[in-house]
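Written out below as structure tokens is the structure these notes cover.
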Amino acid sequence: MQESTKHKRVLVTYHVWDRTVRIFHWINLICIVALISVGLIILYGKSFGISSDGKILLKTIHTYFGYVFVLNLCWRIIWGFLGSKYARWAAILPFGRGYKAALGSYLKGVRENRPPSYLGHNPLARLMVTLLLLLLITQATTGLILAGTDLYLPPFGHEIAEWVTASGEDHTKLADLKPGSKEHVDPQSYKEMRAFRTPFITVHKYGFYILILAIILHIVGVVITELKERNGIVSAMFTGDKVFSETPVDLDRDKSE
């Protein structure tokens with residue numbers, strides 16, 4: 001903890017976000033930007049005049065970015081049990097004793113233009129983070145299933161390939177199976193697979209739109225918080241540090257003294 005004086009205000013710097021949280025954040029950002037960009041091109045492929053082979057290539061690129069995204073997300077979920085205080089789920093999810101009162105106090109402070117300061121996520125931000133987490137998990141899960149139904153890629157691709165070819169243990173039929181082609185497939189099995197795929201692609205598509213909206217709201221919330229509270233919420237994702245002129249509500253006093 002470091003202290004400095006400016007215009008008679010004591011500013012205290014606290015280290016909040018550990019390295020793992022910061023690395024996760026930026027890898028997640030890169031993956032999401034890439035997935036959204038490629039996803040939009042796939043979604044509006046006809047308007048761009050993309051061929052069937054081109055669409056398969058784009059889906060493959062989308063999937064490999066998705067693998068990085070999923071691995072990064074899985075590691076963050078694990079880190080929520082192992083990480084530093086403010087990286088843990090107890091400090092992130094909107095549950096637990098006292099959360100409702102903390103949310104009410106924070107909203108009252110917002111209305112009075114003096115919101116309480118938090119080292120970690122404030123009670124309102126915890127709701128947004130939870131929404132984003134649920135959307136990311138939904139997109140990851142449905143995306144992995146669609147990677148199997150569209151491209152026969154892991155983790156479910158082999159089983160789906162066996163299904164559409166009705167090959168059972170005869171894996172020789174799988175060698176000639178190609179994504180986007182109806183050759184070497186059993187018509188009835190392929191039809192059943194496409195019916196199975198439909199709800200997942202619907203959830204993935206509309207989850208995609210909701211995620212974009214949630215990201216916009218998240219960015220707006222971060223910018224407003226930065227402008228009003230000036231605690232370094234943006235720079236903290238680079239340095240891990242936040243700066244306060246008053247004692248944060250969620251300060252671990254035993255460790256700060």
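Since every read-out is calculated from the coordinates, none of them should be taken as a lab result. All values reported here derive from a predicted model rather than from experimental measurement.
Below is a table of values for the structure above.
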item	result
Full-extension gain in nm, residue 246 to residue 190, via 0.36 nm per residue minus C-alpha separation	13.9 nm
Percent RCO, i.e. relative contact order, over region 60-140, from Cα pairs under 8 Å lying at least 6 residues apart	30 percent
The chain: DSSP helices with Cα axial extent of at least 24 Å and average Kyte-Doolittle hydropathy no lower than -0.5	19-43, 52-82, 123-151, 187-229
Violating pairs (Cα-Cα greater than 25 angstrom) within the set 100/205; 55/205; 173/205	100/205; 173/205
Computed [θ] at 222 nm, helices only, for the chain once each DSSP H run of length n ≥ 4 contributes -39500 (n - 2.57)	-21500 deg cm²/dmol
Among 75, 17, 89: highest mean-square fluctuation, GNM of the chain, C-alpha pairs under 10 Å	75
Rounded Å value of the spacing that divides the Cα centres of region 88-109 and region 204-221	23 Å
The chain, relative contact order in percent, only Cα pairs under 8 angstrom and at least six apart counted	25 percent
Potential extension, residue 18-residue 89 segment - 0.36 nm per residue separation minus Cα distance	24.1 nm
